[in-house]
1. For residues in segment B:24-46 being within 7 Å of another protein chain (Cβ to nearest Cβ) and surrounded by fewer than 21 Cβ atoms within 10 Å (Cβ to Cβ), which is modelled with the highest pLDDT?
2. Tell me which residues, restricted to segment B:47-80, are among the basic types (Lys, Arg) and surrounded by fewer than 24 Cβ atoms within 10 Å (Cβ to Cβ).
3. For the condition crowded, with 19+ Cβ neighbours inside 10 Å, modelled with pLDDT under 75, of a type in the set (A, V, I, L, M) and under 20 Å from the mean Cα position of the chain (by Cα), what is the one hit in A:180, A:195, A:184?
4. Of the residues in segment A:1-14, how many are more than 10 Å from chain B (Cβ to nearest Cβ) and either modelled with pLDDT of 75 or more or surrounded by 14 or more Cβ atoms within 10 Å (Cβ to Cβ) (or both)?
5. Which residues, taken from segment A:242-272, are over 13 Å from the mean Cα position of the chain (by Cα) and either touching a residue at least 40 places away in the same chain (Cβ under 8 Å) or within 14 Å of another protein chain (Cβ to nearest Cβ) (or both)?
6. From the list A:63, A:41, A:18, exactly one residue is within 30 Å of residue B:13 (Cβ to Cβ), within 14 Å of chain B (Cβ to nearest Cβ) and at pLDDT 80 or above. Which is it?
7. Would you point out which residue out of A:36, A:29 is under 28 Å from residue A:178 (Cα atoms), more than 9 Å from chain B (Cβ to nearest Cβ) and either touching a residue at least 60 places away in the same chain (Cβ under 8 Å) or under 27 Å from the mean Cα position of the chain (by Cα) (or both)?
8. Just for segment B:120-141: of the residues that are more than 8 Å from chain A (Cβ to nearest Cβ) and closer than 24 Å to residue A:178 by Cα, which one is modelled with the highest pLDDT?
Amino acid sequence: MLAFLKKRKRMLTLFLVLTLLLVLTQRTVARQGITVAEEALLTVVAPVQGVFGRFARSVEGLLISVKGYQFLVAENRRLQDELAATLVLEARLTEFRHENHRLRQMLNFEARSEHQLIAAEVVARDPSGWFQTVSINKGSLHGVAENLAVVTSEGLVGSVLAVSPVTSQVLLLTDSRRAVSAMVQRSREPGTVGVVEANADLPGYLRMINLPRDANIQPGDTIISSGLGGIYPQGLVLGYVLEMVEEELGLLRFALLRPAANFNRLEEVFVVVPGAAPAQGSEGAF
Amino acid sequence: MGSIIIFLLITVGLALQGSFFVLISPGSVHPDLILVLVVALALLSDSKRGALIGLAAGLMQDIVFGAPLGFNAFIKVLVGAMAGFLAEEINRDFVLAPMLLVMFFSSVNDLLPFLLKEFADIRQSFSLLQYLQHFSPVRLVMHFFIMGLIYPYLCRAQKRRLLFPQAESSGK
């Protein structure tokens, strides 16, 4: 027996290692947080990723500029017009904000808590296609913590999965490990936004499940976070309803959603720190 | 010295894989540079070293990209060990053999995650067929050419005993 084991020592070791890794995988699926060793590795790799990412983006930018010079000139003109219009709008918005504040004070309303936004750059992305995560260049030193929501100007992107001092990993909404409690902005129907169903024709799409047959929801509706899960603040735009589909048994329906954020082109994101006062610099508030 | 070079290779591979290749890849299909490195290094050493490199590279990949710990490590250990078993069977100076072998291991690398996700009870975003249709063919070609680019350099480094000082410098 001993001779047999000695003969196949290498195979047995390999088998043992593989078994251990299998068990490890199963036990760490729902894991939050990282160990000191992982933190150290992320701290080493993140700056290198940042350098390569920035280099790739400048190459890409250069190629786009060369290819579409005429288009860029036209777009520049259009953006300048839009900026001028936005400045007018901003002035009006400031007026409304002041008016709102004044009216709230008159009515003794509690001021709604503002969220601090930490601007971050996406430095890396899991290229395998099996998991949907990105790495950002802000970590615990900048105020990022686990489970904080991550947004773009278009809508909700995901939440912080793990944090190291200078970098964090963000689990995207399109990852099958993520689900968000959500509702229809127009009708306020509660429900859950799950993950993309296996659909090669529509990769990266979301679906809102557990909707009763008579749910007041229709194509074009905006879906927002309900704030019930405790992770995501209420009112973040998740996506827009494309179509309603009946579940297999016909008791419930689900809505196919087009995500508000473009997950294929994530470059700059904001980490939402709920209830924190707005800070200076690159950070803002909403 | 060899371990440091391999660690640096894997670190740069991970950094490139998560940033540069993600931005410039066609149709959201990205090469797995770590797989190519593990196969190349295993073919230049043996199954034991191949499995060890696979373990280290896979664990680093899990940590850096936020996959469940052990997910990529399992695949890379298996690939590293299998490639290492074949190390003695190929002519290490002949670059076409590693280029063809990496295509085989690329298929293994695309097939195993599906089974692992089923085992770990992680909801699948794609069916296996959809994944293989969308990602695998392009990735096979990418890995074939990347291996052709990097293998000669690694082979030359090994001839100077920079990677595995105690291993034989050439196979059959």
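1. B:28
2. From segment B:47-80, those among the basic types (Lys, Arg) are B:48-49, B:76; that's our starting set.
Within segment B:47-80, B:48, B:49 qualify.
3. Details: A:180 fails: modelled with pLDDT under 75; A:184 fails: modelled with pLDDT under 75.
None of the other options fit; the residue is A:195.
4. Of all residues in segment A:1-14, those more than 10 Å from chain B (Cβ to nearest Cβ) come to A:1-9, A:12.
Now narrow it down to the ones that are either modelled with pLDDT of 75 or more or surrounded by 14 or more Cβ atoms within 10 Å (Cβ to Cβ) (or both): A:8-9, A:12.
Residues in segment A:1-14 being more than 10 Å from chain B (Cβ to nearest Cβ) and either modelled with pLDDT of 75 or more or surrounded by 14 or more Cβ atoms within 10 Å (Cβ to Cβ) (or both): 3 in total.
5. Selection gives A:252, A:253, A:254, A:255, A:256, A:257, A:258.
6. Numbers: A:63 fails: at pLDDT 80 or above; A:41 fails: at pLDDT 80 or above.
Every option except A:18 fails the conditions.
7. On the way: A:29 fails: more than 9 Å from chain B (Cβ to nearest Cβ).
Selected residue: A:36, the only one of A:36, A:29 that is under 28 Å from residue A:178 (Cα atoms), more than 9 Å from chain B (Cβ to nearest Cβ) and either touching a residue at least 60 places away in the same chain (Cβ under 8 Å) or under 27 Å from the mean Cα position of the chain (by Cα) (or both).
8. Step one: list which residues in segment B:120-141 are more than 8 Å from chain A (Cβ to nearest Cβ), which gives B:128-129, B:132, B:136-141.
Then drop every residue that is not closer than 24 Å to residue A:178 by Cα, which leaves B:128-129, B:132.
On the way: B:128: 71, B:129: 74, B:132: 71.
For segment B:120-141, the residue satisfying everything is B:129.
The values are calculated or read from the model by the stated rules, or taken from the named source; none is laboratory data. From a predicted model like this one, the values you see are computed outputs, not experimental measurements. Neighbour counts run over all protein chains shown; Cβ positions are idealised from the backbone, glycine included.
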